[in-house]
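Asker: For reference, the structure I am asking about is given below.
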Number of protein chains: 4
Amino acid sequence: MELDLSMYNVRTDLALEARDIAAQSAGETGIPGLWTESDSADGITVTRMEIKDDQAARQIGKMIGHYVTLEVPDLRQGDTELQDKVATTFAKEFEAFLNRIGFGPKKSVLVVGLGNWNVTPDALGPIVVDNVMVTRQFFELMPDQVSPGYRSVSAVAPGVLGTTGIESSDIVQGIVAQAKPDLIIAVDALAAKSLDRVNTTIQIADTGIHPGSGIGNKRKGLTKDILGIPCIGIGVPTVVYASTIVNNTMDLMFEHMKKHTENTDPMFGAFGKMEETERLQLVKEVLSPLGHDLLVTPKDIDKFMEDIANIIASGLNAALHEAIDTGNVAAYTH
Amino acid sequence: MELDLSMYNVRTDLALEARDIAAQSAGETGIPGLWTESDSADGITVTRMEIKDDQAARQIGKMIGHYVTLEVPDLRQGDTELQDKVATTFAKEFEAFLNRIGFGPKKSVLVVGLGNWNVTPDALGPIVVDNVMVTRQFFELMPDQVSPGYRSVSAVAPGVLGTTGIESSDIVQGIVAQAKPDLIIAVDALAAKSLDRVNTTIQIADTGIHPGSGIGNKRKGLTKDILGIPCIGIGVPTVVYASTIVNNTMDLMFEHMKKHTENTDPMFGAFGKMEETERLQLVKEVLSPLGHDLLVTPKDIDKFMEDIANIIASGLNAALHEAIDTGNVAAYTH
Amino acid sequence: MELDLSMYNVRTDLALEARDIAAQSAGETGIPGLWTESDSADGITVTRMEIKDDQAARQIGKMIGHYVTLEVPDLRQGDTELQDKVATTFAKEFEAFLNRIGFGPKKSVLVVGLGNWNVTPDALGPIVVDNVMVTRQFFELMPDQVSPGYRSVSAVAPGVLGTTGIESSDIVQGIVAQAKPDLIIAVDALAAKSLDRVNTTIQIADTGIHPGSGIGNKRKGLTKDILGIPCIGIGVPTVVYASTIVNNTMDLMFEHMKKHTENTDPMFGAFGKMEETERLQLVKEVLSPLGHDLLVTPKDIDKFMEDIANIIASGLNAALHEAIDTGNVAAYTH
Amino acid sequence: MELDLSMYNVRTDLALEARDIAAQSAGETGIPGLWTESDSADGITVTRMEIKDDQAARQIGKMIGHYVTLEVPDLRQGDTELQDKVATTFAKEFEAFLNRIGFGPKKSVLVVGLGNWNVTPDALGPIVVDNVMVTRQFFELMPDQVSPGYRSVSAVAPGVLGTTGIESSDIVQGIVAQAKPDLIIAVDALAAKSLDRVNTTIQIADTGIHPGSGIGNKRKGLTKDILGIPCIGIGVPTVVYASTIVNNTMDLMFEHMKKHTENTDPMFGAFGKMEETERLQLVKEVLSPLGHDLLVTPKDIDKFMEDIANIIASGLNAALHEAIDTGNVAAYTH
């Protein structure tokens, strides 16, 4: 059912946020099958993470695989120098990521921009596709004349089920069968739990794209099982669901009440243990009649989308083509 | 200060919502200086309202003046037949409104589209301006050749302070001095308290546009005092502020707690009386770091904006020009 | 070679124009393998044409097949009543066309919008796709609940080689393999010989889309041979190539000279017989340095594109779904 | 009359092209009241020109005043490094131009973007306005807190007569009366004679904007006489009129004939001296029915517009604010 109450729960597509939530629950026992490292420079924090086994995957609620997350709290300030640094860092991390999973500079790539052109916060994928440098046609039509240092890159924006009538996963599958790339890179807008993630965080993962992720109607996944080739996902949280805000509000009120009642009041006890279902029912009530699909966005979302899409397109261009310098990636798109 | 806590309160630009809130507070005493009448047909409810004196204005928190509100709960369904009916009803009500305040068919009009082109839910005014039929140039350049049944209409979208560096009110004032219209019609996107108002409600008011209304940064008003000519405002709620959702959540939780504690619990009493400041502080905390400017919008906002702007532009074209038939207004824009 | 001089010749994608040119050359002998009929009403002329054999195809320079052409000289006037009539006529003709080639109301359809979103006069296909009603997802996800009178329709805009790196024909082939439609309807912007055809003519043909047609870089065709299913092309001339204008100028000058020299002057004889190559060389020289890809467009092309795309999308919606009334097709898109 | 044959003649808004045409007619006598100097570096040629007296103005067909022209033949190649160099050169030349006419770094500026948003090649002005850094609001609202090195800049796009019903000149006049800038900078799309000028040439002039310039319907000028303050025009040719192409074709054919007849043939003599009126009548015939407003544009015009608008906006930001470094201007817009 579409009116599944789970749609009214806190929703995050970020492995980092999911890990933090899981770590809190796990307490001192921790999450054994999880490896993680982190470093910071120039206002950019890079966290590399591996979910190694099924148990860790279950605990965190994300797939087994590698995740790299860039966090740049000041990214929304419109500082173009910082944006250039983020593009460069992203390019380096992405190149390293490709190498780590064994994809050398000759492997051909299909960039897939998921999402809906006509819904601003969902348009990340299509905008990136519009700015990625495609080269496959030269490899097909005049292979002898391609300069060294370039690989074959193609790029498509398959649209969403509601506007094409076809699952984007099916469209990609059909195109893969024709264009025969070695690797898919799928770019998608994500939902975060926390407002400060919106357009400040970039996630890279080798787990493909899974049903229910993203903010559009993408019911079928883009995975190696389905496509026959690996799929790396690049995602940026561009929205928080209104339901998440409402849940956050409730949490904060519970905390607030705790402080005021010193946790001794019998009523609070009863209330604090409010059933999950009852709680989600309340969330649903707040959000009716427009329902679970309400998005919370900053007013300047249009400008943010353009900036972050440029960072990712520039970074991809530099990471995918050796001839493009990671030292000055921003110059290669507009 | 911009970080005024009042920005975290429930915010509505609709006189109808303000009246309902005031009526609830007033209880049985009611609001003496308020006149109101209402009729419904074809899924459209029209409410005509007059705030007659200062006391009513203070009670409701809206200016003395005439208000007409169209409520069309199904307007977001994409039913084009209903949209045509709404355009026709809007045209009739607007024409009657003009007559009521003494503006006959020869008076010249300047349509002002307030708001920011680049912020989807704030773009209502600019899109309407783009679709309104302008005729003033014919009256200026070849007055003898204008067919009967048309009046002089001009239209501008003055932009917002953040992108022009000039108050839109100042820009309009300058244009009025040059173009010398008899009347301003200002179209603006509004904020509502209730989610079900988003793109389903149209408000007409003869009170002009006042500081703090709308969802953009419009600090100075468009009023007869400033412009020297009357200003009719047409507004449609296109967003709810995230702060409103958070406040709604808190209200609902209080109610929920009331039921569960049967109002006898002493803690609830204390909590229920939470200070306004404390409450808004909580709201602020939920919405940090992105702050009070967060908007809640349905995912399909782009499409809704186009539809509602078409309704208003079509309706205006029919209401302003006798030669354009209110029976088939939709045909005159695209 | 891309710098093939033939790119500097008069170019038309319209069978009607090609027929007229061929008929002129043929003189009294005519074109035996050509059937044609024509009727006019309400300012709309419909011409149905069949190229029946190879010889006629060679003479005209267009494929064997059925062609229907709507000519509406006043279509650029912005008269919405006329636009509605054209949409209705188009819907009727298209429905009849489908029946004539044996495609009943149950056959599933994939609408393909060829061309480039980012090039205004080439964006016809993508805009139509954006406004076509898609239903395939309902047939897939809840076949029991689809109302009678609808057929399965899906729609994609595959982009162009220069921006995807993949032939649009290959992309469509891949999608056909997955979505398994019974029929392709390909919508494309065309080039005309005559300026008065721009956005006033609509062509329907059952010959598919062939290399070199259209105004974009579409090198591979959409034909039954390639796709395994039939492909109906819908095209509208949105541009004239600058080379065509230059050639037209030369023709007019020759004619003018003829009149002035009464065809007796020996020089004219020599000049009038100017070699084709020499002539195209002159055209090339006029158009250098920007070359053969220069387009001649009216200033208001953006508005025309929107209007004509709406007509085709509305017409398609009515023609494809029995439940949608051809009497009022315009209401079903926006 | 709108059907004035002069609309069918060669049309250029570039003083440099007008000078070249005049110089050719003048022959060895030259143009006495004209001063000119030129230098080239990095693929950019800068020509500084002064039309000093009425006679030179009449000979050239342009106003008395200062002109600076940047010619960058490779600017359409999409080379972002070259684009950055052009932005820097433009910034330096513009700053020098301001100094030469006595406008120091404290003078306030209103940037006016002429032209029509909805007509791609006419949208230069509005796009530049969208990317210019505006600061006037800070000077108005918190003058004490503005960092040194900035001046007061505001920016408006007044639209065109056909969509507002008001002359853009009147709108600007009204805004000037309110915002009280010291100087107007008007950005406008121009028409060139030569195709290789399209989006490769930038003109700066202190003569204001005059009726008949540009490609839109701007009938009234922006001049010191009308506005009371000086107006610097920045223009880029984005189109060639189709009539110009047709005239060019005729010229080339005459030349071609000359070569073939060795100028001895009596017929050619007669024909070569074809009356101006007769000639324009021929041009008109070629271009009917769409008339004199046909534009010739390269297919990629949308992308070119964005690139050149970015160059001008970046250059203006650096030239207008001392705090913004001309060494790296591109970083300050997006």
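Asker: Please enumerate the residues belonging to the stretch B:208-246 that are at pLDDT below 85 and within 14 Å of chain A (Cβ to nearest Cβ).
Answerer: B:Gly214, B:Ile215, B:Gly216, B:Asn217, B:Lys218
Asker: What's the total number of residues in the stretch B:274-288 that are more than 10 Å from chain A (Cβ to nearest Cβ) and open to solvent by less than 20 Å² (accessible area, probe 1.4 Å)?
Answerer: Going through the stretch B:274-288 one residue at a time, the tally reaches 1.
Asker: Which ranges mark the helices (runs of 4 or more DSSP H) fully within the stretch B:1-117 that have 2 or more residues being among the charged types (D, E, K, R), at pLDDT below 90 and more than 18 Å from the chain's Cα centre (by Cα)?
Answerer: The qualifying helices (runs of 4 or more DSSP H) are B:80-100.
Asker: Looking at D:Ala205, D:Ala191, can you tell me which residue is more than 7 Å from every other protein chain (Cβ to nearest Cβ) and farther than 16 Å from D:Thr223 by Cβ?
Answerer: D:Ala191
Asker: Could you please find all residues in the stretch C:187-196 being surrounded by fewer than 23 Cβ atoms within 10 Å (Cβ to Cβ) and either in a strand (DSSP E or B) or of a type in the set (S, T, N, Q) (or both)?
Answerer: C:Ser194, the sole residue that qualifies.
Asker: State which residue is nearest to the other protein chains (Cβ to nearest Cβ) when the search covers only the stretch C:152-166 and only residues that are under 15 Å from A:Ser168 (Cα atoms) and not in a loop (DSSP other than H, G, I, E, B).
Answerer: Checking each candidate, the answer is C:Ser154.
Asker: Would you mind telling me which numbered condition in (1) farther than 25 Å from B:His321 by Cα; (2) open to solvent by less than 40 Å² (accessible area, probe 1.4 Å) B:Gly104 fails?
Answerer: Result: B:Gly104 fails condition (1) only.
Asker: A follow-up question, please. Only one residue in B:Ile175, B:Ile184 is in contact with a helix residue (DSSP H, G or I) (Cβ under 7 Å, 6 or more places away or on another chain), part of a strand (DSSP E or B) and over 27 Å from A:Leu294 (Cα atoms), so which one is that?
Answerer: Just a single option satisfies the conditions, and that option is B:Ile184.
Asker: Considering only the stretch B:152-177, state which residues are touching a residue at least 12 places away in the same chain (Cβ under 8 Å) and among the small types (Gly, Ala, Ser).
Answerer: B:Ser152, B:Ser154, B:Ala155, B:Ala157, B:Gly159, B:Gly162, B:Ser168, B:Ser169
Asker: Continuing with this model, one more query. Surrounded by 16 or more Cβ atoms within 10 Å (Cβ to Cβ), within 14 Å of chain B (Cβ to nearest Cβ) and of a type outside the set (Lys, Arg): does that describe C:Leu75?
Answerer: It is true that C:Leu75 is surrounded by 16 or more Cβ atoms within 10 Å (Cβ to Cβ), within 14 Å of chain B (Cβ to nearest Cβ) and of a type outside the set (Lys, Arg).
Asker: Any chance the stretch A:122-135 includes a residue that's over 21 Å from C:Ser168 (Cβ atoms) and touching a helix residue (DSSP H, G or I) at 6+ places or on another chain (Cβ under 9 Å)?
Answerer: yes
Asker: Within the stretch B:118-151, track down each residue that is part of a loop (DSSP other than H, G, I, E, B), free of Cβ contacts under 8 Å to residues at least 60 places away in the same chain and open to solvent by 70 Å² or more (accessible area, probe 1.4 Å).
Answerer: Selection gives B:Met142 alone.
Asker: Do we have C:Asp182 as open to solvent by 20 Å² or more (accessible area, probe 1.4 Å) and at the interface with chain A (Cβ under 8 Å from one of its Cβ atoms) here?
Answerer: Against the criterion (open to solvent by 20 Å² or more (accessible area, probe 1.4 Å) and at the interface with chain A (Cβ under 8 Å from one of its Cβ atoms)), C:Asp182 does not qualify.
Asker: Further question on the same structure: Would you confirm whether any residue within the stretch D:88-108 is within 21 Å of B:Ile166 (Cβ to Cβ), out of contact with any helix residue (DSSP H, G or I) (no Cβ under 8 Å at 6 or more places or on another chain) and within 10 Å of another protein chain (Cβ to nearest Cβ)?
Answerer: So far as the stretch D:88-108 goes, no, none of its residues is within 21 Å of B:Ile166 (Cβ to Cβ), out of contact with any helix residue (DSSP H, G or I) (no Cβ under 8 Å at 6 or more places or on another chain) and within 10 Å of another protein chain (Cβ to nearest Cβ).
The values are calculated or read from the model by the stated rules, or taken from the named source; none is laboratory data. Because the structure is a prediction, the values reported are computed rather than measured. Note that we place each Cβ from the backbone using ideal geometry, even for glycine, and neighbour counts take in every protein chain shown. Surface accessibility is based on the protein's heavy atoms, side chains included, excluding ligands, DNA and RNA. Shrake-Rupley method; radii C 1.70, N 1.55, O 1.52, S 1.80 Å.
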